[in-house]
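Some notes on the structure that comes next.
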Amino acid sequence: MTDFKALLRNPPEAARGMTRWWWYGCAVEEKEIDRELNLMKEAGIGGVELQILYPLHRDDREKGVQNVPYFSPRFFELTGYAAHRCRELGLRFDFTPGSSWPYGGPPITQEYAMQSALPYQIDIQGPCTYAHDFTTQFTGEVCAASLGKMENSRMLPETVRDVTGAFTDKYLFNWPWGTQMKAVEVPEGPHKLTIFVINRYRMMALKPCPNADGLVMDHCSAAAFDRFFGHMVEPLVQRLGDDLGSLFCDSIECDGHNWSGVLLEEFEKRRGYSLKPYIYALWGDMGEATGDIRYDYFRTMSELTIENFFQRFTAWSKERGHTTRIQAHGTWGDILKVYACADIPEGETFGEHDKLECNTIHRRLASSSGHIYGKQIISNESFTWLKVPRFTETLQDLKAAVDAIFLDGMNMIVNHGYAYSPELAGPRGWPFYASCNINHTAGWWPLYHHVARYIQSCSALLREGVPVSDIAVYLPQADVWAENLLSDIHLAMKLEERIGRETADRINKAGYWFDYLNDEAVCSLGSITPAGLCIETNCYRTILLLQCTRLPLETAERLVEFVRAGGTLIADGVPCRSCGLVEGKTDHERVRALMDELFGGGCGRGRAIRVENKEQALLQCLHAQVKPDVRVEKNDTVGFVHRRCGEQELYFFSNISREAVRTALTFYQVSGGFRVLCAESGRELPVQGAEERGGRLSVTLQFKPMQSLYFVFSPELKPGEVWVQEADAPCACREVSGWLLTVDGKGYGETPAPQLWNTVPGLEWYSGLGTYSAAFHWTADEGVRRVELALENLHCTASVYVNEVFCGDIWKLPYTADITPALREGENTVRLEVRSTVINAMLSPETKAMEQEEPALLEEWPYFGETINDHLRQRYFNWREREYFQTPQPSGLGGSVRLLLYQ
């Protein structure tokens, strides 16, 4: 039996969370690198992912600022030093190739750059002879052009001609200056000329380090990959050597990347026909064939980016002894397969997701891919834009966000993040514009180790065993591809929109923890047995088809086999088409016949059920057909994730709420004895009540605010052993009054109850450390075995000292600390060291903007003063916060302070 209690108390170092580490302009030095790495290690962070970005300060010899050009000798000295120091400190060192994102830079010329195809349309009435000079009317290269007859706003496929060859260069003094179209004959009737032009103006890497600016690479081209990795990654990997851990690929944000120089040739090779005559379908209507052509286009782009970038990325890295982490969201490719290309698939928490919610776009797709493709560790970029405005997030907010991440199936945390901030940057540092500022400049940084420890212990347990889920949702990827116009489609976003964010969330909260499946998962990753579709360690008993009208024939045949073997298929509509132009000519009718037979009763041992396209009907059908894993009575705030460790069942529950929740947990797939462990301390907890009846186990308990628990079921435990009662309400309480606030050695007068700093004259804009002190008389009551100090209104953190004995840190709800060991008969003293966020200091009128009043011309890099100011205005300073808040925000400690007595 795995000793989960011991694992919680002594988790392995490898389970520590990591942090993204931003270097602005690579303007760093060894002394500060050492300082910050040591601060991270002391705080419980297990490694860094280095990302080098735009500069925030001009070169200034007097201040000791020197922005370091990318790939200069000094650049390699600094990155090599940081990597080696990480190794010496026992920290992991990952690196983001290139500067900023997406991948690009100086070696990426037009030949290797991402391409954007722009469609132009011209209506022509035939019969006529048409020719035109397009010089200065568009800029770029014509990659394809077609001419077809129109009828009721639809181009008739049988009339289409490929006229790409009619376009030639237009010369000015023997210099190619533009593009002209030679004469073509247009038959009678309304026609449309469609021209697809590869735009000459293309995306640049976003805000890069000096000497790293350049075009973004074509993620569909093997030649572009070889160019970028040969010039921008190989030299770095060689110099870092064994000090380098993983190479990291950030989210795919290639604006306008809808074409590739290899697309037309590869399309014909893979799909069996030329795209040129059908190119209008990518932008307009060509009747029945339109969706099939679009599907073929997106499928080809998907295959190209997977084969030529993502798979190549991991294979290239493995050849050199390194692993990869990949964020797939943003890509147009088969999203689960893209994630699976990585050694560690990585999702993201983007926005205010410190609550219970099934996050399809950024998390559940990543964890599903990890589960079906056998990845033990699934990472998450955490806290991106967690709070808006910035500087308001607390450690409690971080824990809530972490729990939401764990409940979506992830088990590795990467903070977003730690901004390099030397003394030159001032007490507030250089915070990143889109992150939580989790570094030494945050007011609560001295207590961050509590969150770090929690991340480490939970990550350790959630890597034990294997994930458990018997419900799967098939991704209607073919429909998304078939229904969208030419674009750099954000497939994850479109899939969530089609399935429905609320639909996925409600299925999950109804007790059906599910994975997403793609066609490869259904057709070839596993085997079909009477127990279900078995992939890796999971057997999916039930598959949901949501908003799905198209199925590849192989997938349709596999689903029929699944149902006939005993599986349950639930759909909110019956798919009626296959996919692709060539295959579709023969496969559409076959798919329709298979689905009609399946949903018409030809099910064999299983069930195929069609429900109304309503969430309520879908959930009613699920409840009628399938027992959930765990039904949570108060499922808006309490969620779970389930793992199996041999014969043991491990459940992680978290109440992501600022309120206590009394709820019943009904387990349908476990029986026998169990233990309940506190996720923070590893301490075993008693349970208020449990009842086993009719093959299910119901446990009723009170979750404290922000509380996380583990349930461990094992055949080695006897039923009923932990089914005991415990009163959790205090029998009495006493007020502590007469409080003195001291800040920087100055007292602010005694008050009956602690005062919030923003209400004290002179402290309205204060951010930092304040001390509240008081005295109270204590006489022990008979039967009292525990005394807690309870704070009513805490705005961040408090460290508690009673009679100068440290009694613990309060950094999340409930705002209590056990002070029993420090109490003594008679007079007692209490001291609370309270730390705040930095929002009020950032809002203060005395905090000046970082924008420099630079002359137009500078003597040192970047030579033009506006360059740095542009970065600062867009990315750094707190003008957004000042627009959001007009007054100081609550800070410090307020309300009552009480002693809670427990018998």
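None of the figures in this text is laboratory data; all of them are computed from the coordinates on show. Small disclaimer: the values here were computed from a predicted structure and weren't measured. Every residue, glycine as well, gets a Cβ built from its backbone with ideal geometry; the counts of neighbours run over all protein chains shown.
The Rg/Rh ratio of the chain, with both radii computed over alpha carbons and Rh defined as the Kirkwood radius, is 1.01.
Neighbours of residue 523 by Cβ distance under 11 Å: Lys/Arg scored +1, Asp/Glu scored -1, total -4.
When each of the peptides 154-166, 476-488, 517-529 is scored by the mean number of other C-beta atoms lying within 10 Å of its residues, the order from highest to lowest reads 476-488, 517-529, 154-166. Magnitude of the charge dipole for the chain, about its Cα centre and with charges confined to Cβ atoms of Lys, Arg (+1) and Asp, Glu (-1), is about 1300 debye. Measuring spread by the Cα atoms of segment 523-667 yields a radius of gyration and Dmax of 18.3, 59 Å.
Give me the distance between the Cα centres of segment 501-535 and segment 582-630, rounded to whole Å. With segment 501-535 and segment 582-630 each reduced to a Cα centre, they are spaced 14 Å. Each of 22, 341, 603 was placed along the dipole of the chain (beta-carbon charges, centred on the mean Cα), and the one lying farthest toward the positive end is 603. Overall, segment 154-275 carries a charge dipole of about 440 debye about its Cα centre when +1 sits on the Cβ of Lys and Arg and -1 on the Cβ of Asp and Glu, all other atoms neutral. With all projection directions averaged, the alpha carbon convex hull of segment 630-713 covers 5.1 nm². Close amide H partners of residue 517, meaning residues 5 or more places away or on another chain with modelled amide H under 5 Å apart, are 473, 474, 475. Report, ordered by chain and residue number, the lysines lying within cross-link reach of residue 192, taken as a straight Cα distance under 27 Å and ignoring same-chain residues fewer than 8 apart. Filter leaves 149, 170, 182, 276, 585.
Multiplying the residue separation of residue 684 and residue 453 by 0.36 nm and removing their Cα-Cα distance gives an extension gain of 81.4 nm.
Approximating the spin labels as points 7 Å out from Cα along Cα→Cβ, the residue 777-to-residue 151 distance works out to 10.1 nm.
What chymotrypsin sites (Phe, Trp or Tyr not before Pro) does segment 64-154 have in DSSP loop regions with at most 16 other beta carbons within 10 Å? For chymotrypsin sites (Phe, Trp or Tyr not before Pro) across segment 64-154 that sit outside H, G, I, E and B with at most 16 neighbouring Cβ atoms in 10 Å, the list reads 138.
Residues in segment 310-319 carry Karplus couplings, in order, of 5, 5, 5, 4, 6, 5, 4, 5, 5, 4 Hz; the curve used is 6.51 cos²θ - 1.76 cosθ + 1.60 with θ = phi - 60°, and Gly or Pro positions show x. Rounded to whole numbers, the Karplus 3J(HN,Hα) couplings from phi for segment 480-490 are 5, 5, 6, 9, 9, 6, 3, 5, 8, 4, 8 Hz, using 6.51 cos²θ - 1.76 cosθ + 1.60 with θ = phi - 60°, and x at Gly and Pro. Residues whose amide H falls under 5 Å from that of residue 664, counting only those 5 or more places apart or on a different chain, are 633, 634, with hydrogens built in the peptide plane. Net charge near residue 640: determine it from the other residues with C-beta under 13 Å of the C-beta of residue 640, scoring Lys and Arg +1 and Asp and Glu -1. It works out to a net charge of -1. For residue 118, the amide hydrogen comes within under 5 Å of the amide hydrogens of 197, 198, 199, counting only partners 5 or more places away or on other chains and with H modelled in the peptide plane. In sequence order, segment 264-281 has phi-based couplings of 4, 5, 5, 4, 5, 5, 8, 9, x, 7, 7, 6, 4, x, 10, 5, 4, 5 Hz under the Karplus curve 6.51 cos²θ - 1.76 cosθ + 1.60, θ = phi - 60°, and Gly or Pro positions carry x.
Cross-link check: pairs 355/399; 399/704; 337/494; 269/318; 509/614; 355/634 evaluated at a Cα-Cα cut-off of 18 Å; pairs beyond the cut-off: 269/318.
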